Amino acid sequence: MSRVFRRRLTCALLSASLLLSAGAFAEEIVIKFAHVASDQTPKGQGARMLQRLVKERLAGKARVEVYPNSSLFGDGKEMEALLLGDVQLLAPAPVKLEKYQPRVQIFDLMFLFDDAAASQRFEQSPKGQELLHSLENNGIIGLAYWLNGMRQFTANKPLHLPSDARGLKFRVQPSDLQAAQISALRAVPRKMAFAEIYQGLQTGVINASDNPWSNIYSQRHHEVQQYMIESNHAVGNYMLITNAAFWNGLPEDVRGELKTIIDEVTVEVNRQALALNEKDKQQILADGKRELIVLTDEERQRWREVMRPVWKQYENRIGSDLIEAAQAANGAAQ
Ligand code: SIN
């Protein structure tokens, strides 16, 4: 063996062993998934399923840490944390992305979608998918839509018609559009973080709120509200998002497997969400202490009429194309 060849062989062996040891000691990628809901909700269960599947299929390469109940970042901080790379996965209500993409406010228009199936048809439509992927210029990648359930009002008085809401103090998410809708009812909007609703209701800072049954039940809002109004007035959904630099920097095999897992979890979350909400509705009503009011189609139409001027007011920001696509997803023009 010539000296040159021997030197080359030694170099090659050295590089190979360095690569092997680098691989052996490659750090496990930690994926922090923070959210504000409880483990028992569709989002909470989705996050835990994601964690379990990553443990099974990406052991040693990646692991997911789940932080439910605003335990790592609450409403006000989570977007900033994602952009700073302090958390890698979030599933916020679309309203939290309005600063980056005002068109997401389509999901805040009350009484626009007839039901969760219509909102899901919209999400899967070309317009819905374009919306999910429209955040990339802001360094945010949309991975999936997750359903919780339709949002329902809770109040300390019975609500059948929009006029019944007059003067009530409603919690809204930090959204001018949501506040405008509550003002259209001649009620008072109060912007408040999700984690503060229970205390707000308990102390009377607010006396009405809204959320899907799973959030109402897991946050115990029903304990401090007498009337549960099945209004189905807006979809409670999420956009599962990640930081673009983090996502694009993942090793290709990890990113590929993670995407496969996310797709599987998305199917399960969306398949189970409504049943979970129905179960929680029954739990809320089980002790017979609260009254359930189910809005009739005629009553829903009256609420919709009050909301239409607000839809119009926000049409330029959201885009009439999205509003039309949402109405088309209902199966019939309203
Ligand atoms: C959530 O489900 O993530 C929060 C919903 C809300 O703020 O009302």
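Bear in mind these aren't lab numbers, they're just calculated from the coordinates by the rules spelled out. Keep in mind that this is a model prediction, so the values were computed, not measured. With ideal geometry, Cβ positions are generated from the backbone for all residues, glycine too; neighbour counts draw on all protein chains shown.
Assigning unit charges at the beta carbon (Lys, Arg +1; Asp, Glu -1) and nothing else, what dipole magnitude in debye, to the nearest 20, does the chain show about its Cα centre?
Values: 40 positive and 39 negative charges, 175 e Å.
Computed charge dipole of the chain: roughly 840 debye.
With +1 on the Cβ of every Lys and Arg and -1 on the Cβ of every Asp and Glu, and nothing else charged, how large is the dipole of the stretch 133-224 about its Cα centre, in debye rounded to the nearest 20?
Working: 9 positive and 6 negative charges, 70 e Å.
The calculated dipole for the stretch 133-224 is roughly 340 debye.
Sequence-distant or interchain residues sharing an amide H contact under 5 Å with N237, placed H: which?
N148
Positive end of the dipole of the chain, charges at C-beta (+1 Lys, Arg; -1 Asp, Glu), about the Cα centre: which of L258, T41, L147 has its Cα farthest in that direction?
Positive-end residue among those listed: L258.
Distance between the C-alpha centers of the stretch 92-113 and the stretch 119-147? Whole Å please.
What the calculation gives is 11 Å, centre to centre.
Which whole-number percentage describes the relative contact order of the stretch 215-334, with Cα contacts under 8 Å and a sequence gap of 6 or more? List each step's numbers first, then the result.
On the way: 38 pairs, mean separation 50.7, N = 120.
Value for the stretch 215-334: 42 percent.
Mind checking which helices in the chain clear 30 Å along their axis (Cα) and have mean Kyte-Doolittle hydropathy of 0.5 or more, DSSP H runs only?
Details: long enough: 3-24 (31 Å, 0.82); 252-285 (48 Å, -0.56).
Passing helices, by number: 3-24.
Using DSSP loop states and a limit of at most 13 other Cβ atoms within 10 Å to flag trypsin sites (Lys or Arg not before Pro), what is the longest stretch of the chain containing no flagged site?
Working: sites that count: K99, R166, R186, K289.
The longest such stretch corresponds to 187-288.
Just tell me which aspartates and glutamates come within less than 19 Å, Cα to Cα, of K99; anything on the same chain fewer than 8 places away is out.
D75, E78, E80, D108, E130, E136, D176, E315
Would you order V254, V310 from fewest to most other beta-carbon atoms within 10 Å of each residue's own beta-carbon? Don't skip to the answer; put the middle values down first.
Values: V254 15, V310 20.
Ranked by crowding around the Cβ, least crowded first: V254, V310.
In vacuum, with every alpha carbon of the stretch 99-138 counted as one equal point scatterer, what does the Debye formula give for log10 I(q)/I(0) at q = 0.27 Å⁻¹? Two decimals, please.
Cα-only, vacuum Debye calculation for the stretch 99-138: -0.98.
For Cα pairs less than 8 Å apart in space and 6+ apart in sequence, what is the mean separation divided by the residue count of the chain, i.e. the relative contact order in percent?
Details: 574 pairs, mean separation 81.6, N = 334.
Once normalised by length, the contact order is 24 percent.
Can you give me the Cα centroid spacing of the stretch 207-233 and the stretch 59-73 in angstrom?
Here the two parts' Cα centres lie 28 Å apart.
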